[in-house]
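What follows is a set of notes on a single structure, which appears directly below.
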Amino acid sequence: MKKYYITTAIPYVNGNPHLGHVMDYILADVLRRYMIMRGADVRFQAGTDEHGSKIFKKAGESGLPVQEYVDQNAKRFQDFIRELGVEYTDYVRTTDPDHMRRCQEIWQKLSDHIYKDRYEGWYCEGCEGYVTDKEHDENNGVCPDHQKPYVKLSEENYYLRIADFKDKIREAIEKDEMKITPSFRKKEFLNQLKDMPDVSISRPKEKVQWGIPVPGDEDQVMYVWIDALSNYITVLGYPDQDISDSWPADTQVIGKDIMRFHAGIWPTILLALGLPLPKNLLVHGFVTVDGQKMSKSIGNVVDPAGILEKHGLVPLRYFIARHGSATDDVDFTWDKYEASYNELANDLGNLVQRLSTLCGKNGVKALEVEQKDIPEFVECMDKYEFNAAFEIIWGKIQELNKRIDEEKPWSLAKTDPEKAVEVLTNLSQDLIDLCPYLAIFIPDTAKQIEDVFTAKEISAPKTPLFPKN
């Protein structure tokens, strides 16, 4: 079986899971299920980023020891991933002793490309990242993602020499050896790469008390990039063991706000280690609310737990599959979400209810799923056009609704019972043959449909798949 490695960005555990995390996990899970359907042996990484000043501060505010705080929040994220129906094979916590030790070994392997210098410039506490004077001025001194002013810093840190590998990174991106999807993100990053400075990879321990110690310098702790980015390979066992059966990653799923770190800093680390670059970076957009980025200060944050409580998991996965995008921003409003739920209930829920009821009344026998090839679906999925692929399947469901109305099996049952059974059998067979494709996006519903029409006695579900509000 072909090996396929998918990674997701590891979130900070200084807050609750949000809709951006939902995008990461569900997009990666859709890809995972698709590749399994294609016969791949999939390895799927998830995890939590548990070091840094923000986390140390939050732990203090909560009144908990910092390790206890991150333990609680890490469990919250693990539980949340499971609630989304996402199944990972590997999970990493950056406070794991093995990860911490491996990061220190990676640091030592990078030593030829690390130097110490004094940094004086701008810093975003929300991003835990440095910005250039140009970025500061372009954003009028305020971080566009966190809506907080940049702060001026002056401190001595260790730096990773990005300049050593800029040409190789640019060439790999231009030739799609490390492909960035969508293509406009590729162009965007290549412009950023021109002015990308060397990056700080440590902070003074007096300012960041919670982190991995820098080897040989007890006054410094590793900054987030060596610690967090390296998780993609430490979770595989690097550098303790050969990881060539899984690395390079086939697809790394990330948000657009961390693209430059994954397309610039991460490749620098890999090239300095003598490791191959990931094959694909799939860069998705933000989840906005009524056209605005979610912000606590604006008061428009939508809690995914509330969405799951409203209608359950399937409508959320459906909303992302049909009305979301693997590459652009996704706008959420409760009106759009309710309209999406009604589509799901009307197009698919009603179809299952009508067909199964008629099959039961007319003695249609149990069926077996026969997965049919849909080349246009495969073409879309291979290009990460997940919503276009789902729309192909949904179009076939809508066509089945038209056919049942045109062929009127309830009328045929009165005049030609055998013909009615034939029509119902064909319609039902065409529906369950779509289940392997539906299972990529809404697996629970696909399983319910299969169970209904492959049962010895076909009968309508006792309760509708998607009850009306």
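The values are calculated or read from the model by the stated rules, or taken from the named source; none is laboratory data. It should be emphasised that the depicted structure is a prediction, and the values quoted were computed from it without experimental measurement. Cβ coordinates were reconstructed from backbone atoms using ideal geometry, including for glycine residues, and neighbour counts include every protein chain displayed.
Restricting attention to region 1-29 and to residues that are in a loop (DSSP other than H, G, I, E, B) and hydrophobic (A, V, I, L, M, F, W, C), the residue that is surrounded by the fewest Cβ atoms within 10 Å (Cβ to Cβ) turns out to be Met1.
The set of residues from region 271-281 being surrounded by 22 or more Cβ atoms within 10 Å (Cβ to Cβ) and either aromatic (Phe, Trp, Tyr) or not in a loop (DSSP other than H, G, I, E, B) (or both) comprises just one member, Leu281.
Being at pLDDT 95 or above, within 21 Å of Glu218 (Cβ to Cβ), surrounded by fewer than 18 Cβ atoms within 10 Å (Cβ to Cβ) and over 28 Å from the mean Cα position of the chain (by Cα): is that true of Glu156 here?
Values: at pLDDT 95 or above: no; within 21 Å of Glu218 (Cβ to Cβ): yes; surrounded by fewer than 18 Cβ atoms within 10 Å (Cβ to Cβ): yes; over 28 Å from the mean Cα position of the chain (by Cα): yes.
No.
Once region 118-142 is narrowed to residues that are within 24 Å of Lys186 (Cβ to Cβ) and crowded, with 16+ Cβ neighbours inside 10 Å, the residue that is nearest to the chain's Cα centre (by Cα) is Cys127.
Pick out the one residue from Phe44, Phe56 that is at pLDDT below 95, aromatic (Phe, Trp, Tyr) and crowded, with 16+ Cβ neighbours inside 10 Å. Give the derivation first.
Numbers: Phe44 fails: at pLDDT below 95.
The unique qualifying residue is Phe56.
Within region 296-303, identify whether any single residue is assigned to a loop (DSSP other than H, G, I, E, B), surrounded by fewer than 19 Cβ atoms within 10 Å (Cβ to Cβ), in contact (Cβ under 8 Å) with a residue 24 or more places away in the chain and touching a Lys or Arg at 6+ places or on another chain (Cβ under 7 Å), and answer yes or no. No: zero hits. Of all residues in region 351-389, those that are polar (S, T, N, Q), surrounded by fewer than 16 Cβ atoms within 10 Å (Cβ to Cβ) and more than 33 Å from the chain's Cα centre (by Cα) total 1. If only residues of region 304-338 that are outside any loop (DSSP other than H, G, I, E, B) and β-branched (Val, Ile, Thr) are counted, the one that is surrounded by the most Cβ atoms within 10 Å (Cβ to Cβ) is Ile320.
Table: residues versus (1) among the hydroxyl-bearing types (Ser, Thr, Tyr); (2) touching a helix residue (DSSP H, G or I) at 6+ places or on another chain (Cβ under 6 Å).
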{"site": "Ala40", "(1), (2)": "no, no"}
{"site": "Asp49", "(1), (2)": "no, yes"}
{"site": "Val66", "(1), (2)": "no, yes"}
{"site": "Val70", "(1), (2)": "no, no"}
{"site": "Glu83", "(1), (2)": "no, no"}
{"site": "Tyr88", "(1), (2)": "yes, no"}
{"site": "Cys103", "(1), (2)": "no, yes"}
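Filtering region 143-196 to residues that are under 30 Å from Val301 (Cβ atoms) and in contact with a Pro (Cβ under 9 Å, 6 or more places away or on another chain) leaves only Cys143.
Taking the condition surrounded by fewer than 21 Cβ atoms within 10 Å (Cβ to Cβ), in contact (Cβ under 8 Å) with a residue 24 or more places away in the chain, charged (D, E, K, R) and more than 27 Å from Gln292 (Cα to Cα), does Asp79 pass? Break it down stepwise before answering.
Working: surrounded by fewer than 21 Cβ atoms within 10 Å (Cβ to Cβ): yes; in contact (Cβ under 8 Å) with a residue 24 or more places away in the chain: no; charged (D, E, K, R): yes; more than 27 Å from Gln292 (Cα to Cα): yes.
For Asp79, the condition - surrounded by fewer than 21 Cβ atoms within 10 Å (Cβ to Cβ), in contact (Cβ under 8 Å) with a residue 24 or more places away in the chain, charged (D, E, K, R) and more than 27 Å from Gln292 (Cα to Cα) - is not met.
So which of Lys186, Lys168, Lys148 is modelled with pLDDT under 95 and among the basic types (Lys, Arg)?
Numbers: Lys186 fails: modelled with pLDDT under 95; Lys168 fails: modelled with pLDDT under 95.
Going through Lys186, Lys168, Lys148 in turn, just one is modelled with pLDDT under 95 and among the basic types (Lys, Arg): Lys148.
Among the residues making up region 159-197, those that are within 29 Å of Tyr115 (Cβ to Cβ) and free of Cβ contacts under 8 Å to residues at least 40 places away in the same chain are Ala163, Lys166, Asp167, Arg170, Glu171, Glu174, Leu190, Asn191, Lys194. Taking the criterion of being in contact (Cβ under 8 Å) with a residue 40 or more places away in the chain and more than 16 Å from Thr454 (Cα to Cα), the residues of region 362-377 that qualify are Lys372, Ile374, Phe377.
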